[in-house]
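> One structure follows; several queries about it will come next.
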Amino acid sequence: MNYLKSLFFCFLIVFFANHILPGIEVSRVSKLPHFKADLLFPLCLGLVNSLIYPILKFFNQRVAWFHMAALALVLNFVVYAILKIFPIGIEIVTLEGYLSVSIVVSIGSFIMNYLEMRHCIHLNHLKPPENDDPGIPQ
């Protein structure tokens, strides 16, 4: 359930950053059939941003907050740079728009992944320790 909350808030962060921040134009005419780009793009980017902590956790037993922040920043800068090259109904008009939306979405993504990390750490501390020694009764 915690992952779904993270996905939902990452979607909202990307959606509102695209619509509110200056330097970004969201066109109502989408080049994608049956979907509006202003909903599909935030959903995809929100999904990718909400997977940062689970992917880092899968590859590494111990995840530092610095790794999550760096990965979120690089990921969002690359995705919005690709969006600058291939506009799909969301167009980045100015350099300030590119920088501001990338940084705002990266900060929001980091906060959501950090909260998910803290939640997982809290759940791991609540579990009873596993006893692998068969000679000691549980």
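> May I ask you to order 84-92, 55-63, 41-49 by the average number of other C-beta atoms within 10 Å around their residues, highest value first?
In descending order of packing, they fall as 41-49, 84-92, 55-63.
> Let me ask another. Remind me, relative contact order of region 2-126 in percent, using alpha carbon pairs under 8 angstrom and six or more residues apart?
The normalised contact order for region 2-126 reaches 38 percent.
> Okay, next question. Whole Å is fine, so just give me how far the alpha carbon centre of region 93-128 lies from that of region 1-28.
After rounding, the separation between the Cα centres reads 13 Å.
> Taking the Cα centre of region 2-126 as origin and charging only Cβ (+1 Lys, Arg; -1 Asp, Glu), how large is the dipole, in debye to the nearest 20?
Here region 2-126 has a charge dipole of around 300 debye.
No value in this document is a laboratory result; all are computed from the given coordinates. Keep in mind that what you see is a predicted model, and the values were worked out from it rather than measured. Here Cβ is always computed from backbone atoms with ideal geometry, including for glycine, and neighbour counts include all displayed protein chains.
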